[in-house]
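Notes follow once the structure below has been shown.
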There are 2 protein chains.
Amino acid sequence: MRTLKTRRALRAGLATLAITAATGTVIAVAAPAIDLTVRGGANRNDGDQTKDVSQSVIGGRARNVILLIGDGMGDSEITIARNYAEGAAGRFKGLDALPLTGQYTTYSLNKTTKKPDYDPDSAATGTAWATGFKSYDGAISVDVNGVPQKSLLEEAKAKGLRTGNVSTAELQDATPAVQAAHVSSRSCYGPIATLATCPEAALENGGLGSITEQLIDTRADVTLGGGAKTFDELATAGQYQGKTLKQQAFERGYQIVNDAAGLAGVKRANQNQPLLGLFASGNLPVRWVGPEALSDGGKKAPVRCTENPERPANQPTLVEMTNKAISLLDTKRNGPGFFLQVEGASIDKQDHAANACGQIGETVDLDEAVQAALAFAARDGNTSVFVTADHAHTSQIVEAGSVTPGYTVNLLTADDAPMTINYATAAKGSSMQHTGTQLRIAGYGPGAANIVGLTDQTDLNTTIRRILGLGTKRS
Amino acid sequence: MRTLKTRRALRAGLATLAITAATGTVIAVAAPAIDLTVRGGANRNDGDQTKDVSQSVIGGRARNVILLIGDGMGDSEITIARNYAEGAAGRFKGLDALPLTGQYTTYSLNKTTKKPDYDPDSAATGTAWATGFKSYDGAISVDVNGVPQKSLLEEAKAKGLRTGNVSTAELQDATPAVQAAHVSSRSCYGPIATLATCPEAALENGGLGSITEQLIDTRADVTLGGGAKTFDELATAGQYQGKTLKQQAFERGYQIVNDAAGLAGVKRANQNQPLLGLFASGNLPVRWVGPEALSDGGKKAPVRCTENPERPANQPTLVEMTNKAISLLDTKRNGPGFFLQVEGASIDKQDHAANACGQIGETVDLDEAVQAALAFAARDGNTSVFVTADHAHTSQIVEAGSVTPGYTVNLLTADDAPMTINYATAAKGSSMQHTGTQLRIAGYGPGAANIVGLTDQTDLNTTIRRILGLGTKRS
């Protein structure tokens, strides 16, 4: 971890995030005790970092790649979360610790015209890094002409690598789905929706099946997330017709766990006994809650976020799922390497809902997972880590206390200062929109220099394929 | 220019931006002719760029530093301009060509509480990189306690370097002012405002004078921009009392030019004959105009931007000013190096006004200046170039054809596709707000690796001081 220098480490250490176990507790935060009023007081570098950056630029391959996605986590979402949880001068110990950074473009293609769609969705953007193909909004690892294209996870598995897929969303949601399935529409979670909406994929029509059925077929060594309810659907065709998808998974050798204790008890996961963790009926409940954004929200007294009382105590956090996945996938150099995708899904979902505390808590949740990934990579010495988002989102930091034509909320940050956040891309009651700005990608380890400068989301596919030796030929 | 590889160069070259000389002409654009529907078709890298990045990480000092600021040019503003002018898969030949990139934080401090202000203005942010001090909104190179602090330009000059200050704004506007003046409020352009608002700076009170008077005192070798009207004010005290500030500049040896022809005719600029270019009464008129953002603007048919008929033909563009400044400052290794700041000011001003075409045209204008700076740096071999913004801004790319609680506009891009832009941080008729997200910084040349990863705006001061050997000790 070459860039975790004294000053940086100090900042990270000083930003104490004390979350008590009790539900409903106010999230207490304290900003770094640094004098920001003097020359260089706000500097983040300790000194000349040329050598550190130079040493972080490493060519060649890595045994393992961990890709962490903050869904909807644009630069604005990162800054909002940092300001709140660590203070403006603070630093996330994970998200902000990666030594190499760049910006990438996320546009999708219009299904009809094949021209750029400047405001993409999570299906098209996930397809972009999973397959290297720009596709249309709603596409799950099919190209813009609807042709299925192999995902990174599938290619890694075909090459003999171990694979993992972790999300705080339903496992059928776009980001986990793009690594495991190929359907024309992201809504084709189970057999019923698939027959209606993605007939090309229905088993009845000789297709690959619904997202859930394909996920079972894809058979990653470790698959952890939500979405249990679709696993209760019955197969409408094929060998397992009339049985639930969960029963099918069980009959096909999967170990199935439903809570943190069950996850902790798993000793191994492999192709004989792949692990399927289903920790919620739908998406996993988020960690933090707070005030609703309102037309006059910016004028209200600033408040702190609180823990989500609806979140079950036995639900694993993203870092727990990430650590478990890594420990199950890692063969400690005795066997093959692994490819693991980890998604913090509800940054996006809470931004859609104009819920500032929700999106901040999920960003903190992702940061913990990034810390775990970096800690493993530093120990292992042969692992590359990438952290980015699929697309940017609505939330904007505006002048404290101001109101806008949209909806604002006023939070009291780790600096004990007010921060006003604006949501203004959709009318109240509607879902706030994604936004189309280029966004941050960060990397660590062999091959990570390929994210420096301006790249496109599809370059990430090429970069990871190169690192894992999956071949980089363009179709 | 190590990163201008074949594929990148191809994209840049294919994105033809044909602007005819006639005023009112539609800006015709054509996107790259690249097949975006195939695997890797949208990739921006040609292959493994590890070696390119490695070779771009250069330590040590440089003779010259050119700092280009796009005022208000957050990642969203860059993406909007690229999509419009080059197409989503296109690439700015300047802005997108710098090999090293990072993100930096831009918060200012509250004048009273000294705590972070998460949504800064151009005065505090300019003060941050000019002096290394976080200060309050409105501060022109004074710290949060109001104490004047030396700027990069002043320190470079004191060390014997040649200096330049170029802007498309009034020269008294915050970004050019922070390099040349120290006043408690950014509004203290001339003697009258200063006596009323910045009494500590008034010559009558033994102060340093108004921004304009201090700019004359600072005596950069080259100062080019707008703001002629304040130079017509009379000095109210001091040696030049009763004379206009322009007359004062003239009597103190300045060469004064007022248009492109005058600028072209200047042969040299130095401490005996510093150059003062005053090309507009206020801010320089912008290059492009287009439709107003409206409550239902997103639903209107997409249109193209047009040239601004109000822009005088004899007004120099930013690249003309930049090239002239470089040629006048460059001693071709026979003398001292130089420090030059160049600002594209009206990206911000047009974003405040919710004028998408205005902000796009000014981003294209800045890109030309960046191209010129990079071309010089590549020829010279001993120049570092930095490109960034002071703070982010309002404009967001939303779903084409959508409307929001704010104001939208629908443009037809270089891809011949619709792009809808949302402005929703202030009510109609008010000025749209800055936003507080971290934003892109890019660098080229010795020392530029210090912008990789997450830094703060004040780190840029330290970085440039180190490169130019101005000393980096913290106060």
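The values are calculated or read from the model by the stated rules, or taken from the named source; none is laboratory data. All values reported here derive from a predicted model rather than from experimental measurement. A quick note on method: Cβ atoms are made from the backbone with ideal geometry, for glycine too, and the neighbour counts reach across all protein chains shown. With ligands, DNA and RNA removed, areas are computed over all heavy atoms of the protein, side chains included. Shrake-Rupley method; radii C 1.70, N 1.55, O 1.52, S 1.80 Å.
List of remarks:
- Inter-chain Cβ neighbour count for A:53-64, averaged per residue, equals 4 (cutoff 10 Å, partner chain atoms only).
- Only helical runs count toward this figure. For chain A, summing -39,500 (n - 2.57) over DSSP H runs of n ≥ 4 and dividing by all residues gives -8500 deg cm²/dmol at 222 nm.
- Each of B:Arg61, B:Arg162 has its accessible area taken with a 1.4 Å probe; listed largest first, they run B:Arg61, B:Arg162.
- Here's the picture: charge each Lys and Arg Cβ at +1 and each Asp and Glu Cβ at -1 in chain B, and of B:Val147, B:Asn270, B:His182 the one pushed furthest to the positive end of that dipole is B:Asn270.
- Accessible-area value, A:Glu233, 1.4 Å probe, nucleic acids and ligands omitted, Å²: 50
- Each other residue within a Cβ distance under 9 Å of B:Ala174 adds +1 if Lys or Arg and -1 if Asp or Glu, for a net charge of -3.
- Protection proxy ranking, highest mean first, for peptides B:411-418, A:139-146: A:139-146, B:411-418, where packing is the per-residue count of other beta-carbon atoms within 10 Å, averaged.
- Charges were assigned to the Cβ only: +1 to each Lys and Arg, -1 to each Asp and Glu. The resulting dipole of chain A about its Cα centre is roughly 1500 debye.
- In terms of packing, defined here as the mean over residues of other Cβ atoms within 10 angstrom, the peptides B:76-85, A:264-273 line up highest first as B:76-85, A:264-273.
- Rounded to 5, percent antiparallel among DSSP beta bridges of the protein assembly as shown: 45
- DSSP-defined beta bridges in region B:207-352 - what % are antiparallel, rounded to 5: 25
- Other residues with beta-carbon under 13 Å from the beta-carbon of A:Ala325 carry, at +1 per Lys or Arg and -1 per Asp or Glu, a net charge of -1.
- Members of B:Lys114/B:Lys134; A:Lys114/A:Lys134; A:Lys300/B:Lys349; B:Lys111/B:Lys349 lying beyond 18 Å, as alpha-carbon distances in this model show: A:Lys300/B:Lys349; B:Lys111/B:Lys349
- Dipole moment magnitude, nearest 20 debye, the protein assembly as shown about Cα centre, only Lys, Arg, Asp, Glu C-beta charged: 2980
- A point 7 Å from Cα along Cα→Cβ stands in for B:Asn270, and the other copies hold the same point at 7.9 nm, listed in rising order.
- Solvent accessible area, Å² - B:Thr125, 1.4 Å probe, full protein context: 0
- Sorting the segments A:196-207, B:180-191 by their mean number of nearby beta carbons within 10 angstrom, highest to lowest, gives B:180-191, A:196-207.
- Relative contact order (%) - criterion: Cα under 8 Å, at least six apart; region: region B:324-459: 23
- Between copies, the label points of A:Arg333, set 7 Å from Cα on the Cα→Cβ line, lie 4.8 nm apart, reported in increasing order to one decimal in nanometres.
- Rotational relation A to B, axis-closest Cβ in chain A, residue and distance rounded to whole Å: A:Ala424, 2
- To the nearest 10, the accessible area of A:Ile58 is 60 Å² with a 1.4 Å probe.
- With every protein chain in place and a 1.4 angstrom probe, the accessible-area ranking of A:Lys134, A:Lys299, B:Lys115, A:Lys349, largest first, reads A:Lys299, B:Lys115, A:Lys349, A:Lys134.
- Hits among aspartates and glutamates - C-alpha to C-alpha of A:Lys324 under 17 Å, sequence gap 8 or more where chains match: A:Asp221, A:Asp259, A:Glu343, A:Asp365, A:Asp367, A:Glu368, A:Asp380
- Averaging Cα coordinates gives a centre for region A:55-98 and one for region A:122-175; these two points are 22 Å apart.
- Average beta carbon contacts from partner chains per residue of A:97-109, 10 Å cutoff: 6
- Neighbours of A:Asn272, meaning other residues whose beta-carbon lies under 12 angstrom from its beta-carbon, give a summed charge of +2 when Lys and Arg score +1 and Asp and Glu score -1.
- Chain A: relative contact order in percent, alpha carbon pairs under 8 Å with at least 6 residues between: 25
- Remark: mean inter-chain Cβ contacts per residue of A:130-138 equal 3, using a 10 Å Cβ-Cβ cutoff to other protein chain atoms.
- 7 Å along Cα→Cβ, label-point gaps from A:Ser54 to other copies, nm, shortest first: 1.2
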